[in-house]
1. Among (1) crowded, with 21+ Cβ neighbours inside 10 Å; (2) without any contact (Cβ under 8 Å) to a residue 40 or more places away in the chain; (3) farther than 21 Å from H135 by Cα, which single condition is A72 missing?
2. Does region 99-120 contain any residue that is touching an Asp or Glu at 6+ places or on another chain (Cβ under 6 Å), closer than 29 Å to A27 by Cβ and at pLDDT 95 or above?
3. Find the residue count for region 131-168, including only residues that are in contact with a Lys or Arg (Cβ under 8 Å, 6 or more places away or on another chain), surrounded by fewer than 17 Cβ atoms within 10 Å (Cβ to Cβ) and part of a helix (DSSP H, G or I).
4. For A106, are the conditions met, namely being surrounded by 13 or more Cβ atoms within 10 Å (Cβ to Cβ), small (G, A, S) and part of a helix (DSSP H, G or I)?
5. When you go through (1) in contact (Cβ under 8 Å) with a residue 60 or more places away in the chain; (2) over 27 Å from Y132 (Cα atoms) one by one for E33, which number turns out not to apply?
6. Considering only residues that are assigned to a loop (DSSP other than H, G, I, E, B) and either at positive phi or of a type outside the set (K, R) (or both), which ones fall in region 114-130?
7. Can we say I8 is within 22 Å of S69 (Cα to Cα), touching a residue at least 40 places away in the same chain (Cβ under 8 Å) and either among the β-branched types (V, I, T) or part of a loop (DSSP other than H, G, I, E, B) (or both)?
8. For the subset of region 86-103 comprising residues that are more than 20 Å from I8 (Cα to Cα) and touching a helix residue (DSSP H, G or I) at 6+ places or on another chain (Cβ under 7 Å), which member is surrounded by the fewest Cβ atoms within 10 Å (Cβ to Cβ)?
Amino acid sequence: MTISMYDISVGVFSARLKALASVLTAAEQNAGERKIDPQVFLNARLSPDMFALTRQVQIATDHAKGAPSRLAGREVPKYEDNEASFADLQARIAKTLDHLATFTAADLEGSEDRTVELKLGGREATLPGLQYLLHVAMPNFYFHVTTAYDILRHNGVPLGKQTFLGNR
């Protein structure tokens, strides 16, 4: 069995973003039920030196749109990072899913060996496509998706592993 770069990038990013959208829907509903201003959740963070929920979602979508774009040799779309509500975050996820839907398996064929150039921690890095996907894009994407989930769990939103996995 051959695993395609399309399946392990676009397929995974799309599935996880849909699950993240479900997590955000549950959080918004929970805020309403508990009569909590949604800004409490949107501005929540796990530690004072970590990004808030809104920024976690922005960064997750940045990795989801950036990785396939770089692997396919396309320009990475730029988003303004001005989301201020759950609806804004849902729209950003939807826009990212729409972008992911523009890729085909053929677009990413051979990209495991394509040279990817990007800034990592303020310095220029050059990596083969597969190394970039598996050691930079995916770990960063999962970190920010998981941190968004953790922020909401920490704030009492009743989420479970099945919601995180996209099964609810």
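1. (3)
2. The initial filter retains those residues of region 99-120 that are touching an Asp or Glu at 6+ places or on another chain (Cβ under 6 Å), namely none.
No: zero hits.
3. Summing the residues that are in contact with a Lys or Arg (Cβ under 8 Å, 6 or more places away or on another chain), surrounded by fewer than 17 Cβ atoms within 10 Å (Cβ to Cβ) and part of a helix (DSSP H, G or I) in region 131-168 gives 2.
4. Numbers: surrounded by 13 or more Cβ atoms within 10 Å (Cβ to Cβ): no; small (G, A, S): yes; part of a helix (DSSP H, G or I): yes.
Taking the combined requirement at face value, the residue does not satisfy it.
5. Failed condition: (1).
6. Matches in region 114-130: G121, G122.
7. Values: within 22 Å of S69 (Cα to Cα): yes; touching a residue at least 40 places away in the same chain (Cβ under 8 Å): yes; either among the β-branched types (V, I, T) or part of a loop (DSSP other than H, G, I, E, B) (or both): yes.
Against the criterion (within 22 Å of S69 (Cα to Cα), touching a residue at least 40 places away in the same chain (Cβ under 8 Å) and either among the β-branched types (V, I, T) or part of a loop (DSSP other than H, G, I, E, B) (or both)), I8 qualifies.
8. Ranking the qualifying residues of region 86-103, first place goes to Q90.
The values are calculated or read from the model by the stated rules, or taken from the named source; none is laboratory data. As the structure is a prediction and not an experimental result, all values here were calculated from the model. Reconstructed Cβ throughout: ideal geometry from the backbone, glycine too, with neighbour counts over all protein chains shown.
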